[in-house]
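Taken together, the values in this text are just the output of simple stated rules run on the coordinates, not laboratory data. Note that the coordinates shown come from a computational prediction; the quantities given were computed from them, not determined experimentally. Here the Cβ positions follow ideal geometry from the backbone for every residue, glycine too, while neighbour counts run over all protein chains shown.
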Amino acid sequence: MNDNNTKIKYLLQCEPELQLLVNKYLQSLKQYQILVKIDRKHYQQLKNDLQPFIEKPVVKELLSTSLVDYKHFQKTPRKPLTTKIQHLATDDLDFLAQVHVDQIMPLPIFPEGTEIINYLHQIRKRTMYIKRGYTILQYVQPVYKALTRLRRGVVKQSGYKAMSNAWQAYLKAFDDLQTYYEQHYLQAGGTPRNYHGHSAHEK
């Protein structure tokens with residue numbers, strides 16, 4: 001498909017579906033960060049609860065391994081950790097009363113981004129590049145850069161703020177492309193032209 005007019009239409013038509021996917025992902029990411037905040041609070045509470053019992057070998061081991069910091073706590077399977085603390089408490093009711101084992105929640109799972117990555121791949125397939133020869137046309141470069149930034153953020157599991165900024169950058173680039181298309185491709189009589197004033201079917 002060599003018609004840049006058609007390719008721009010394709011790129012513009014992909015935006016609604018991408019918006020649905022990204023908004024869904026951002027909502028999941030925001031919820032994930034809320035759960036992490038709660039989880040971190042519970043971790044700190046558990047660590048504080050165990051501190052008075054540091055003379056117990058098992059507690060000392062926990063505080064120097066799984067509970068040494070939040071990163072280690074995140075990597076620790078929750079069920080074995082809970083079981084270990086509960087077994088420790090069986091012969092010590094005071095210990096059980098003071099340690100909030102029930103606050104250990106399941107490990108928050110980072111949102112799955114495969115659906116977005118697959119759709120971005122579909123949008124950016126080489127056969128749909130808007131170019132002349134081997135050169136991507138200048139007016140569409142910001143959109144491709146923004147799509148790359150989005151993909152990189154999903155792959156690297158960036159936080160909500162970084163992904164939200166990446167999405168806003170895409171929306172700005174998309175709006176600029178849409179404005180450009182309306183000004184330079186949609187003309188009286190419906191004859192499209194490209195950035196240099198040539199027919200859209202020209203390379």
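At a glance:
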quantity: Phi-based couplings in Hz for the stretch 116-132 (Karplus 6.51, -1.76, 1.60; Gly and Pro marked x); calculated: 5, 4, 4, 6, 4, 4, 5, 5, 9, 4, 4, 5, 10, 5, 8, 8, 10
quantity: Sequence-distant residues sharing a close amide H with Arg132 (under 5 Å, placed H); calculated: Leu137
quantity: Ranking of Tyr10, Tyr25 by count of other Cβ atoms within 10 Å, fewest first; calculated: Tyr10, Tyr25
quantity: For Pro106, net neighbour charge (Lys/Arg +1, Asp/Glu -1) across residues whose Cβ lies under 13 Å away; calculated: 0
quantity: Sum of side-chain charges, Gln74 neighbourhood, beta-carbon under 11 Å (Lys, Arg +1; Asp, Glu -1); calculated: +2
quantity: Helical contribution to [θ] at 222 nm, DSSP H n ≥ 4, -39,500 (n - 2.57), averaged over the chain, rounded to 500; calculated: -20500 deg cm²/dmol
quantity: For Thr82, Thr135, order by how many other beta-carbon atoms lie within 10 Å, fewest first; calculated: Thr135, Thr82
quantity: Residues with amide H under 5 Å from that of Leu107, placed H, sequence gap 5 or more; calculated: Arg78
quantity: Length added when fully stretched, Met105-Lys60, from 0.36 nm per residue minus Cα-Cα; calculated: 14.0 nm
quantity: Read-out volume of the Cα convex hull per residue in Å³, derived from the coordinates shown; its label in [x] 121; [y] 228; [z] 213; calculated: [x]
quantity: Kirkwood Rh (inverse of mean 1/r, distinct Cα pairs), the stretch 38-103, angstrom; calculated: 11.8
quantity: Computed E for Ile38/Asp176 - FRET, C-beta separation, R0 41 angstrom, nearest 0.05; calculated: 0.55
quantity: Tilt relative to the chain, helix 15-50 - C-alpha long axis, 0 to 90 degrees, to 10; calculated: 20
quantity: Relative frequency of Cα-Cα separations exceeding 22 Å in the stretch 80-183, percent; calculated: 54
quantity: Inter-probe distance in nm under a simple model that places probes 7 Å from Cα toward Cβ, at Gln138 and Lys30; calculated: 3.8
